[in-house]
1. Could you work out how far helix 106-115 tilts from the main Cα principal axis of the chain, as a 0 to 90 degree angle to the nearest 10?
2. Kindly express, to the nearest 10 degrees and within the range 0 to 90, the angle between helix 528-539's C-alpha long axis and the longest C-alpha principal axis of the chain.
3. Counting alpha carbon pairs within less than 8 Å and at least 6 residues apart, what relative contact order, in whole percent, applies to the stretch 486-608?
4. Over the chain, what is the relative contact order in whole percent, taking alpha-carbon pairs under 8 Å and six or more residues apart?
5. If we sort 526-532, 341-347 on the protection proxy, mean other Cβ atoms within 10 Å, highest first, what's the order?
6. Which of the peptides 593-603, 34-44 is most tightly packed, and how do the rest follow, judged by the mean count of other Cβ atoms within 10 Å per residue?
7. At 0.36 nm per residue, minus the direct Cα-Cα distance, what do ASP142 and LEU450 gain on full extension? Give it in nm, one decimal, please.
8. Please work out the FRET efficiency for the pair ASP219 and LEU424, using the Cβ-Cβ distance as r and a Förster radius of 56 Å; give the result to the nearest 0.05.
Amino acid sequence: MCGIVGYVGNKKASPILINGLSKLEYRGYDSAGIATIESDGIKILKDKGRVSNLENIKEMASISGTVGIAHTRWATHGKPSKENAHPHFDNSNLFAVVHNGIIENYNELREFLINNGYKFYSQTDTEVIPNLVHFYFEQTNDVLTALKKTCNDLKGSYAIELIYKHTPNNLYVAKKDSPMVIGVSENENFVASDIPAVLNYTKKFYFLKDKEFAVLSKDEVKFYDFELNQIQKDIKEIDWDENSVTKNGYDDFMLKEIYEQPDSVRKTINSRLSDTGSYDFKDISIDKDYLTTINKIYIIACGTAMHAGLSAKSIIEKLCKISTEVDVASEFRYREPLIDNHTLCIFISQSGETADTIAALKLSKECGAKTIAITNVIGSSITREADYSILTYAGPEIAVASTKAYTAQVTILSMLAINFAEILGRCDEKVLEKVKQDVLSLPTKLENVLGTANSVKDIALKIYNEHDIFFIGRGIDHPIAMEGSLKLKEISYIHSDAYASGELKHGPIALIEDNTTVISIYTDAKLLQKSISNTQEVITRGAKSIVITNQNLDNNKFDYVIQIPEISEFLSPILAIVPLQFLAYYIAKQKNLDVDKPRNLAKSVTVE
Ligand code: AGP
């Protein structure tokens, strides 16, 4: 997804802008550019390729402006090229714009502007923005009014940064459905798509709501609603430290984030643990009267977040006795789901910016459901849409492949389920106590599971050349298999599938041939024997068997066994996923792939 950065202050803007873009590279991009206001007008430097290419542009040394905007482009309209890279000028070179989002009606706006004498030099939707601002500026002679009129014409999503040649001390922004944060410091202010881009300059942030504007100068930030009434906003202090957005000695962010899981799960647990050991979800004002009226819980998310939801379905149904359905957001929002005021919808999103998930949330609210968002990013768009928000405390997750966010999500969902169960009183007290004890044991047991790294690496070195790798599991182990398969696919580019073990004989087992690698997960004691039988079925057809388990097995039956600590089956996804994260990581490393920025992927998918 595109990334935007803006700076207004006393310092030379270009190094700050480029540093910000480098912190956004994990979002995925194909070109980059900056624009600064110089004494003789606005200067744009941009090109296809990496952010580091910008520093090799020879004019870079000559620009010294202290107000600027910058962009990494993840192409949606028009191929990756210098012409299509942002920033974009209007025809008069008075305005420069960067934009994250999609302008759905850009063709008609382009035609309107061409009919009014404007020319276009790129294939992008974005280029209509600076020219439309120029068009309205000609009538209003006011930048903010011209920007507001432009946004009024735009259909779709936008996070816009705009600079104007004749107001050299100002930077103008507008936001709708695309992420944007405003960082504030002494005599300088910042704009970015998300916090890591400017975290080394400030920890104080404003969060714009959709259809709001801001005008930044080095000394102040003024906010406006869509009618251009000036509004006040509160500053939020972020407790992420600068190290959290650097590799801190690890080869890759993904490896660092795998190792951070004991701490991120500990912080997530402690965020809801009272002194007495009970859970504090009082900010989610959901009481027994309301919960007893609920006959359906939907958990809606995408990708790894959806897998976290699948892992939580079991604990919610078994402890709360409420039917729970998990859906991918991109399907949920179009299948006319049965929702009413007896439906509770829980949305999971690490970034809090996933377009499909936010759209599904808006639909659920329109249909009368109460909505809870679980996200890792304070102030993210989803927190402004949901009735209630629950934060995970995984810290910034930079690698595209989600690891610590997943384990934090399953942890907080499990704690929420326990909280609901205590309110509803539909579950045996002893069962609840056992699960609560197991929750407290998670950080220590995660430390233990990190110790499997070398054994898993040895296995990775034996299977990294495979073309197909299958993951199988029953019950709670099936969603773990799905998440393990996704990790492998997205960073090693090896084809992989996950199956409910019992389903193999209904077709997929036809794919098994000599030496096919099949990874089995056994953490559900009740289903152990069935699961072993399914693995035996593939072994007898020549498969190589790798097992992740917390059960006592006859290890001689399998090629490789990775033992993890025993824990309540509701919580086993949090432990069992770690060896599979390591497996995907070490296979991708052995294939010399970019594990933090895999091809075609973005960290948060803010477009449909
Ligand atoms: C997970 O490794 C992927 N990066 C992807 O599936 C991700 O989980 C999905 O896009 C959802 O993102 P979100 O949690 O930020 O909404």
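1. 10
2. 80
3. It comes to 29 percent, rounded to a whole number.
4. That works out to 12 percent.
5. In descending order of packing, they fall as 341-347, 526-532.
6. So the peptides 593-603, 34-44, ranked by packing, come out 34-44, 593-603.
7. 105.1 nm
8. Efficiency for this residue pair is about 0.55.
The values are calculated or read from the model by the stated rules, or taken from the named source; none is laboratory data. The structure displayed is predicted, hence computed values, not measured ones. Methodologically, a virtual Cβ is constructed for each residue, glycine included, from the backbone with ideal geometry; neighbour enumeration extends over all protein chains shown. Calculation scope for accessible area: heavy atoms of the full protein, side chains included, ligands and nucleic acids excluded. Shrake-Rupley method; radii C 1.70, N 1.55, O 1.52, S 1.80 Å.
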